[in-house]
Amino acid sequence: MMISEKMHKALNTQVMNELHASHIYLAMSLAFRDMGLKVFAGRFYEQSEEERRHALKIINYLQDVGAPARLDVIPRPEGRFETATAIIKAAVQAEEMVTKQVNELVTLAETDKDYATRSFLQWFVDEQVEEVASMHELLQWVEMAGEKNLFFVEARVRRRSRVSEGGSSVNEPLGCGHQACATMADRRRAGSPSLMGGSGGKKAVGSRPRCAAPNCHSVSSSPRQGVAATTVTACYGPPLLTCYLPGSARIPR
């Protein structure tokens, strides 16, 4: 095992922290759906999935350094989510808590002179800056609009994040399996042939030929009427996210 027992235990704990955060965001998403705020529901469902991917990222690292990953019970989400403001304030607090947890891991890595783990954790440090800022901004929007004008905030959230009504993002893994890939999503909205070989007989418009996920190199041709698209992919993305584009090749890290 390439890390200390103390770091091993701390990283396993953080896996559960991330899964707990995912559970909380899912509960928030359900609360928004109960309120009829489907765009918010979609935004928080995506956040739940993102926290789960964070947990998988840590699990993958533990396996890379020869440390067993251990799962535990996920605590039940606490709190009463009765208003949008209350939910988003809770989300801000949750992100600030995760930031504190990540910082404690960084401190431990530096104390252990564990430079590999310190390097790994930098991604989480940077990610938390973005997460906290994003939630603070959403809270500002909701507080300025007030609970009676949340549909205006939903419209802005939809434009900003491309979240669709119904609890999912249009940037869901449709193209190469990566969350940031919008190749197939754009073509679905355009009513054009599928990247997976369908030829719907409609002309494609506004297609995006490349996946936006880090280290995913997917290039696709634009489908013509009656002709399916072709795709060549070299995917260097996270091992736990599979590239599903035709002809894709999994490239080991």
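Count of the stretch 74-90 residues, restricted to those that are assigned to a loop (DSSP other than H, G, I, E, B) and surrounded by 15 or more Cβ atoms within 10 Å (Cβ to Cβ), is 3. Within this structure, GLN93 fails the test of being crowded, with 18+ Cβ neighbours inside 10 Å and under 22 Å from MET135 (Cα atoms). Set side by side, the residues GLY79, GLY42, GLY36 differ, and just one is assigned by TED's automatic domain parsing to the domain that holds HIS136 and in contact (Cβ under 8 Å) with a residue 12 or more places away in the chain, which is GLY42.
Residues of the stretch 96-105 that are within 19 Å of the chain's Cα centre (by Cα) and surrounded by fewer than 16 Cβ atoms within 10 Å (Cβ to Cβ): GLU96, MET97.
Of all residues in the stretch 82-107, those satisfying the criterion of being in contact (Cβ under 8 Å) with a residue 12 or more places away in the chain and hydroxyl-bearing (Ser, Thr, Tyr) are THR83, THR85, THR99.
The residues listed here are ALA67, ALA21, ALA10; of these, the one that is under 27 Å from VAL153 (Cα atoms), at pLDDT 95 or above and either of a type in the set (Gly, Ala, Ser) or not in a helix (DSSP H, G or I) (or both) is ALA21.
In the set (1) surrounded by 17 or more Cβ atoms within 10 Å (Cβ to Cβ); (2) within 14 Å of ALA90 (Cβ to Cβ), the condition left unmet by LEU37 is number (2).
The values are calculated or read from the model by the stated rules, or taken from the named source; none is laboratory data. If you're wondering where the values come from, they're calculated on a predicted model, not measured in any experiment. Ideal geometry is used to build each Cβ from the backbone, glycine not excepted, and the neighbour counts take in all protein chains shown.
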